[in-house]
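The values are calculated or read from the model by the stated rules, or taken from the named source; none is laboratory data. Computed from a predicted structure; not experimentally measured. We place every Cβ from the backbone using ideal geometry, glycine too, and count neighbours over all the protein chains shown.
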Amino acid sequence: MRAIGLAGLAMALEWARALAVRVPDAAAPALIAGGLALCLLGVGRRPAELGLATSRLPERLVGGVALAGVLLLPAAVRWGGGPVLAPEFALAAVAVSIGEEVAFRGAVFAALESAHGPAVAVLGSAAAWTLAHGLSHPAAFLPAVAAAGLLLGAWRWAVRDLVGPIVGHVLADLSL
């Protein structure tokens, strides 16, 4: 039950953020606030439970760079040159990326895994993350969001790590 509550709260925060960015001149502050609010879903869990232990940190960071490379492959194929992300949104992209990872691959994943095992944790966190992007991304992009969620969730399970998905997600969002 905790997992469903966390997933529902994470999706509600994402939807509220997606609606708030539509207000003129509120996009960057809404993104930053939304990312920070998502991070709050990890409160009360030990860092190791969330995959945030500091052991093997260099390997985790390299893994994050590798994950970013995989996440960016589809964009690289259609890239037309030049940055797409406006510089004033860089901090917002970092906040949202970290918040989404702490919420979906951290808190929701941990709750699902303890209640139902790793397969449900990977699939459930990816499904919740995909649904959460329903208001902020076109429907045609949601299969890519789901695939990214499965990749990041599989890493979270196999390596017992959230640092790699955070680094990969941040680098991918800053590059898009």
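Inspection of the range 92-105 identifies no residue that is among the hydrophobic types (A, V, I, L, M, F, W, C), modelled with pLDDT under 95 and either in contact with a strand residue (DSSP E or B) (Cβ under 6 Å, 6 or more places away or on another chain) or farther than 27 Å from residue 47 by Cβ (or both).
Just wondering, is there one or more residues in the range 77-86 that are in contact with a helix residue (DSSP H, G or I) (Cβ under 7 Å, 6 or more places away or on another chain), over 12 Å from residue 107 (Cα atoms) and modelled with pLDDT under 95? Lay out the reasoning, then the answer.
Taking the range 77-86 and keeping what is in contact with a helix residue (DSSP H, G or I) (Cβ under 7 Å, 6 or more places away or on another chain), we get 85.
Filter once more, so that each one left must be over 12 Å from residue 107 (Cα atoms): 85.
So of that shortlist, the ones also modelled with pLDDT under 95 come out as 85.
Yes, the range 77-86 contains a residue that is in contact with a helix residue (DSSP H, G or I) (Cβ under 7 Å, 6 or more places away or on another chain), over 12 Å from residue 107 (Cα atoms) and modelled with pLDDT under 95.
Residues in the range 155-176 that are over 13 Å from the mean Cα position of the chain (by Cα) and farther than 24 Å from residue 91 by Cα: 157, 158, 159, 160.
Out of 85, 67, report the one residue that is of a type outside the set (Val, Ile, Thr) and either more than 27 Å from residue 12 (Cα to Cα) or in a helix (DSSP H, G or I) (or both).
On the way: 85 fails: either more than 27 Å from residue 12 (Cα to Cα) or in a helix (DSSP H, G or I) (or both).
67 is the lone residue from the list that is of a type outside the set (Val, Ile, Thr) and either more than 27 Å from residue 12 (Cα to Cα) or in a helix (DSSP H, G or I) (or both).
Please enumerate the residues belonging to the range 24-63 that are closer than 21 Å to residue 12 by Cβ, in a loop (DSSP other than H, G, I, E, B) and touching a helix residue (DSSP H, G or I) at 6+ places or on another chain (Cβ under 7 Å). Within the range 24-63, 26, 45, 50 qualify. Which ones in the range 123-146 are at pLDDT below 95 and over 20 Å from residue 17 (Cβ atoms)? Residues satisfying the conditions are 140, 143. Quick check, is residue 60 basic (Lys, Arg) and either touching a Lys or Arg at 6+ places or on another chain (Cβ under 8 Å) or surrounded by 14 or more Cβ atoms within 10 Å (Cβ to Cβ) (or both)? Against the criterion (basic (Lys, Arg) and either touching a Lys or Arg at 6+ places or on another chain (Cβ under 8 Å) or surrounded by 14 or more Cβ atoms within 10 Å (Cβ to Cβ) (or both)), residue 60 qualifies.
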